[in-house]
Amino acid sequence: MDGGRNLIEQLRRICGDEHVVTEHHALRTYESDGLLQYAAVPRVAVLPGTGDEVAAVVRACHDAGVPWVARGSGSGLSGGALPIEDGVLVVLSRLRRILEVDLANQRVVCEPGVTNVAISAAVGPSHFYPPDPSSQIVCSIGGNVAENSGGAHCFKYGFTTNYVCGLEVVLPDGSVMTLGGKELDLPGYDLCGVFVGSEGTLGVATKIIVRVVPTPESVRTLVAFFDSPGHAGHAVSAIVSAGMVPGAIEMMDNLSIGASEQMARAGWPLDAGAALLVELDGPESECVARFDEVRALCEGAGAHEVRVARDEAERQIFWKMRKAAFPAMGRVSPHYYVQDSVIPRTALADVLDRIADLSREYGLQVGNVFHAGDGNLHPLVCYDGNTEGEAERAEELAGQIVVACVEAGGSITGEHGVGVDKKRYMPKMFTEADLDAFQKLRCAFDPDGLANPGKVMPTPRLCGEVPGPYREHPLEKAGLAERF
Amino acid sequence: MTAEAVAAALRESGGVRVVSGGTKLGWGRPIELPELSVAELDTLVEHNEGDLTAIVQPGVPLAAARDTFARAGQMLALDPPDDGATIGGVVATGDSGPLRHRYGAPRDLVLGMQVALPDGSLARAGSKVIKNVAGYDLAKLMTGAFGTLGVMTEVSLRLHPAPREWLTVVWRSDDPRALAARASELTHRPLEADRLDLRWEGGSGALLVQLCGPSAAERAGAVDGEVVEDDEGLWAAQRAAQRGPVVLRVSTTQERLGDVLAAARDHGAVCVARAAHGLAWLRFESGDAELIGALRARLGACVLLDAPAELRRAVDPWGPLTAEPLMRRVKARFDPHDVLNPGLMFPRPLPQ
């Protein structure tokens, strides 16, 4: 970091000494995000307190030619907020004000450090903010924007990108732009839409406008147990084919049920091959009309037991089982590696067979938890990092699963993002021409490559100048037409 | 005609007017250039019934796609006016109809895309699965960009189950404010309506709420108004009012829809609005620059859609673009020689 000392002094002037961290031991707090396999200590972490301070920090980095990474709550699972050694980490945790609750227009304007759950809390109980990543108690809306976060209810309700309608962003040159607004369909390009999910590589959002919607009148939840995930998959197909769009359809396999049971103690049968959690929400009469149908379809697909949540407390226990699946796997295995691939839902049985084959081949257990409605798999590859070579084999196995999903017509990531963790798989899904097109966008926002470099794209790319001049049209050349 | 041929044509091009169904050529600044038509790219490539997804080429007529999906009990939840409109044109212009209320706009239903770029390349973004965050969401950038950044050669789409039961509740009033207030009350209730529209025409108006599903009739009881079971004509009329001699699309907030209806009353316009989204269309028999200016001053962001070419020369059909400098930078990176619909969105040559 050339001229680093000078830059650090500038950051102190902008944000105050107490908001600039340079001590190595203090910086270690920020060395990883939610994906602990990667760690890097930045040269400096800065905690601006306002959007103006963010802009000034980014401008100072730009003037010094120093790369920077934005970080929200640090709960991301792809290493998207992994710092750059020798770079600046811009921590947004002080920007946690809800600026406006405009319930009349069903909009909330907030700063990026506000937690996901705080938005629903601000508009509840009449309204809520639908995207609900499992980390919603801690994860920030700024991070959700960067990753286009999903959650358990997105099969029905959609993703972050479907709810963010406006942004104030600081571009990597320090300029501030407003993209979109409270209104929809504003003229021009949907830059707000393309910024969401850009993983911090196009700039940093300092103000976020989201849509909120009325809270459903009624929620009904059941869990059905099957001999195998394949059978549960048939139930999912039957439900969807019947024209239903449940609020959530979540599946857990035998290994995950066993692990979660140790934490959540819901009394689910440990010999079940798969559990399918189905939640219907909406108008009371619609839920009533549909719920028996769901139950019958599960039974028709071979469910040997169906339990209906009798009250909110029991519903919470069902969900605790599902949400405990990741942490609970730590009780089954010393280490595990979470995947986030997506398949066309109808390919589920084939892909599960492939995963089972791979599991046998590598001699490593793989637990499976899915957002079954949208085909988003979270295979949990179990391994013991203390056994030599096992971590590497686990990673290789996880990579094989990603390849199997892409070959089935799916995606390398459904909601965790590419970050550093999956960038090596990008060429499995995208050609050089595709990546070149991505780079065109990147260069429009960040020609110097200062915002979160080294993420998303599999290999570093430079921007170069915008080519010119115009190609003259033959009619124009002949003097038969004017361009404007 | 192949996607490769489109890409090759672009590489050699000195400037083209991109065309598909040709039903919205009167939108944006008037431009006259040789046409590059994708109408022949009209294959429905995949309909994955079990996954509720489809991949189509841009020239597929919306009506043809609708019929195909309907045979499987499914729908593409896009119902803009479609007198021959193709999926490519609907996506390129971001056009939408009353189903927008529940299912969103083209941006919300497009899962991925293949585009031909002016450098002669064919690039894909997104995927064909309904959940995916790998790579930049260039499909959103292209959706609504009016073919000024790339030419779609394939679009992958999310489908939905088609409702089997439906009805519409109609509530009438000749007071614009009362209509808007009633609409606002309903948009804040968890009705799960499929469509929720306002209408104003000839001194009176209506609020239309379409409920679908097995419990539609039961739920209709909670919404005050006349129940219309054969509601197709009602919704056809809503769509039809989005076209005309002079049509403005207003982007506002729910709270200000009363102002939009009042403006329709004052100017003798027909108005249809998506009540929950603050979107409205004003249809005039004729109009001039003074009218457009007055409406923009009164209502905010108004895009001039249908209008005679002379009017679209006299006034900027788009109005102010937020983040225009950044939009121009995006345009310059994707289309550095300005060959794709040059002048349609930005008035002057791009800075070199």
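Coordinate-derived values only; no laboratory data. No experiment lies behind these values; they were computed from the predicted model shown. Reconstructed Cβ throughout: ideal geometry from the backbone, glycine too, with neighbour counts over all protein chains shown.
Quick notes on this structure:
- Based on C-alpha pairs under 8 angstrom that are at least 6 apart in sequence, segment A:98-214 has a relative contact order of 31 percent.
- Separation of alpha-carbon centers, segment A:192-263 and segment A:146-190, rounded to whole Å: 21 Å
- For segment B:271-338 versus segment B:123-173, the gap between their alpha-carbon centres in whole angstrom: 22 Å
- Counting Cβ atoms of other protein chains within 10 Å of each Cβ in A:152-160 and taking the mean gives 2.
- Rough spin-label spacing in nm, given labels placed 7 Å along Cα→Cβ, for B:Ala178 and A:Ala39: 7.0 nm
- Projecting the Cα atoms of A:Val176, B:Gly147, A:Gln439 onto the charge dipole of the protein assembly as shown, computed from C-beta unit charges around the Cα centre, puts A:Val176 farthest toward the positive end.
- For segment B:134-207, the list of GluC sites (Glu not before Pro) that fall in a loop by DSSP and count at most 16 other C-beta atoms within 10 angstrom reads B:Glu165.
- Packing-based order for B:4-15, A:76-87, B:116-127, using average beta carbon neighbours within 10 Å, highest first: A:76-87, B:116-127, B:4-15
- Of the residues A:His25, A:His416, the one with the fewest other Cβ atoms within 10 Å heads the list, and the complete ranking is A:His25, A:His416.
- Lone cysteines, chain A (no partner Cβ under 4.7 Å): A:Cys15, A:Cys61, A:Cys110, A:Cys139, A:Cys154, A:Cys165, A:Cys192, A:Cys287, A:Cys298, A:Cys382, A:Cys405
- For the peptide A:279-289, the mean number of other protein chain Cβ atoms found within 10 angstrom of a residue's Cβ is 5.
- Size of charge dipole - segment A:244-370 - debye, nearest 20, with Cβ of Lys, Arg +1 and Asp, Glu -1, no other charges: 420 debye
- Antiparallel %, DSSP beta bridges [both residues in segment A:4-91], to 5: 20 percent
- Across chain B, the convex hull enclosing all Cα atoms gives 132 Å³ per residue.
- For chain A, the 222 nm mean residue ellipticity estimated from helices alone, with every DSSP H stretch of n ≥ 4 adding -39500 (n - 2.57) and the total spread over all residues, rounds to -10500 deg cm²/dmol.
- MRE, 222 nm, helices only [DSSP H, n ≥ 4, -39500 (n - 2.57), over chain B, to nearest 500]: -8000 deg cm²/dmol
- In chain A, taking the dipole from charged Cβ atoms about the Cα centre, the farthest positive-side position among A:Ile14, A:Ala303, A:Ala26 is held by A:Ile14.
- Neighbour-count order for A:Ser120, A:Ser411, B:Ser286, fewest beta carbons within 10 angstrom listed first: B:Ser286, A:Ser120, A:Ser411
- Computed from point charges on the beta carbon alone (+1 for Lys and Arg, -1 for Asp and Glu), the dipole magnitude for the protein assembly as shown about its Cα centre is near 1260 Debye.
- Å³ per residue enclosed by the Cα convex hull of chain A: 181 Å³
- Placed amide H near A:Val369: partners under 5 Å, 5+ positions off or other chain: A:His378, A:Leu380
- Environment charge of A:Gln339, counting only residues whose C-beta is closer than 12 Å and scoring Lys/Arg +1, Asp/Glu -1: -3
- Relative contact order %, segment A:4-91, counting alpha carbon pairs below 8 Å whose residues are six or more apart: 35 percent
- Across A:Lys156/B:Lys331; A:Lys207/A:Lys320; A:Lys323/B:Lys131; A:Lys423/B:Lys140; A:Lys207/B:Lys140; A:Lys156/A:Lys320, pairs whose alpha-carbon gap is larger than 28 Å: A:Lys156/B:Lys331; A:Lys207/A:Lys320
- Shielding by other protein chains, B:317-327, mean Cβ within 10 Å: 6
- Contact order relative to length of chain A, as percent, for alpha carbon pairs under 8 angstrom and 6 or more apart: 13 percent
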